[in-house]
Amino acid sequence: DGSRQSLKLREDSNGEVFVMGLSKTPILTGNEAMDVLNTGTMNRTTASTLMNRTSSRSHAVFTVYLQQTTRGCEGVDITAKSRFTFVDLAGSERIKKTGAEGERAKEGIKINEGLLALGNVINALADDDRLARGEKVHVPYRQSKLTRLLQDALGGNSQTLFLACVSPSDTNASETLSTLQYANRARNIRNAPTRNVDTTALELQRLRALANVLKCELIKHRFGGHSLPLSTDPELERNEDSSSDEIGFVDDSLLLREDVASYMHLIDEKVAVVGGI
């Protein structure tokens, strides 16, 4: 379609690659996601060749961004973000077999170029021998738009799953073998994904928890670990001793004492003065 404009790839301040001019559609359910996928599929170019009556004339990428916000024990909202990148790779083509001509032949060449570039990236990421020797391996993400777009989904903070579609026909034996070899190389990619969470919120939660623990230890040190007379029962006494010795734990009755509450109020006022609050 000559009216379609080519969209450019750019990199944001965080180093993530994005497509300029590409729209994002908010979704809340799985059905809404499928509607967006169907709309994109309808816009995908297909054509008939000698090998396939509805041959895909391009690769397709469908990305779903997920965001989950949970409230921690200290009342801090922690947001975790993730992304699913679904890629439908068009099959490699031999012009002699497909009989493609003109625009169809050019599309086949572009498809093969993208697959070759992706294969080079996979080979670099799966080169365990060089990585084991501590050698720095160059990953050629910039060889094509496809590999540049999939950079974070392949070698970044990610896990990769490769599904290979092969033909049972003996006339396509060579294509089936090359596809399985391609998938086998992808299986050798080793990544160590971690959770994408707001580090500021996590640090705030940690500091609040630390402040609570230190408050408990301060109260025990200043006012003693026991707020009530100890029981004469040896078993109960052992339980009380273990509770008072536990770091960050203070008996609730001790916290309710007026002298403890007054002391903690003075500390809060001092913190406000020192912190300029």
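Worth a mention:
Let's see how each residue does on (1) modelled with pLDDT under 85; (2) under 30 Å from Ile78 (Cβ atoms); (3) not basic (Lys, Arg):
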position	(1), (2), (3)
Arg208	yes, yes, no
Leu214	no, yes, yes
Leu256	yes, no, yes
Gly275	yes, yes, yes
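- Candidates Ser144, Ser82 - the one that is at pLDDT 85 or above and either within 30 Å of Thr200 (Cα to Cα) or among the acidic types (Asp, Glu) (or both): Ser82
- Every residue from region 118-139 that is under 15 Å from Ile189 (Cα atoms), in a loop (DSSP other than H, G, I, E, B) and either open to solvent by less than 70 Å² (accessible area, probe 1.4 Å) or at pLDDT below 80 (or both): Ala126, Asp127, Val137, Val139
- Residue match in region 162-180 (condition: in contact with a Gly (Cβ under 7 Å, 6 or more places away or on another chain) and of a type in the set (Gly, Ala, Ser)): no
- Taken as a whole, the structure places Leu146 among residues that are touching a residue at least 40 places away in the same chain (Cβ under 8 Å) and buried (at least 18 other Cβ atoms within 10 Å of the Cβ).
- Set side by side, the residues Thr176, Thr200 differ, and just one is open to solvent by 40 Å² or more (accessible area, probe 1.4 Å), among the polar types (S, T, N, Q) and either modelled with pLDDT of 85 or more or assigned to a helix (DSSP H, G or I) (or both), which is Thr200.
- Meets criteria (of a type in the set (A, V, I, L, M), open to solvent by 50 Å² or more (accessible area, probe 1.4 Å), at pLDDT 70 or above and touching a strand residue (DSSP E or B) at 6+ places or on another chain (Cβ under 9 Å)) for Val87: yes
- Of all residues in region 22-76, those satisfying the criterion of being open to solvent by 90 Å² or more (accessible area, probe 1.4 Å), closer than 30 Å to Ala211 by Cα and at pLDDT below 80 are Arg71, Cys73.
- Under the condition of being more than 30 Å from Lys106 (Cα to Cα) and outside any loop (DSSP other than H, G, I, E, B), the residues counted in region 1-41 number 6.
- Glu101 out of contact with any Ser or Thr (no Cβ under 7 Å at 6 or more places or on another chain), under 23 Å from Thr46 (Cα atoms), open to solvent by 80 Å² or more (accessible area, probe 1.4 Å) and modelled with pLDDT under 75: yes
- For region 154-161, the criterion of being surrounded by 19 or more Cβ atoms within 10 Å (Cβ to Cβ), within 26 Å of the chain's Cα centre (by Cα) and hydrophobic (A, V, I, L, M, F, W, C) is met by at least one residue.
- Residues in region 140-163 include at least one that is part of a helix (DSSP H, G or I) and of a type in the set (Val, Ile, Thr).
The values are calculated or read from the model by the stated rules, or taken from the named source; none is laboratory data. Every value quoted in this text rests on a predicted model; they were computed, and no experiment measured them. Reconstructed Cβ throughout: ideal geometry from the backbone, glycine too, with neighbour counts over all protein chains shown. The protein model used for the area step is the full one, side chains on, heavy atoms only, and it has no ligands, DNA or RNA in it. Shrake-Rupley method; radii C 1.70, N 1.55, O 1.52, S 1.80 Å.
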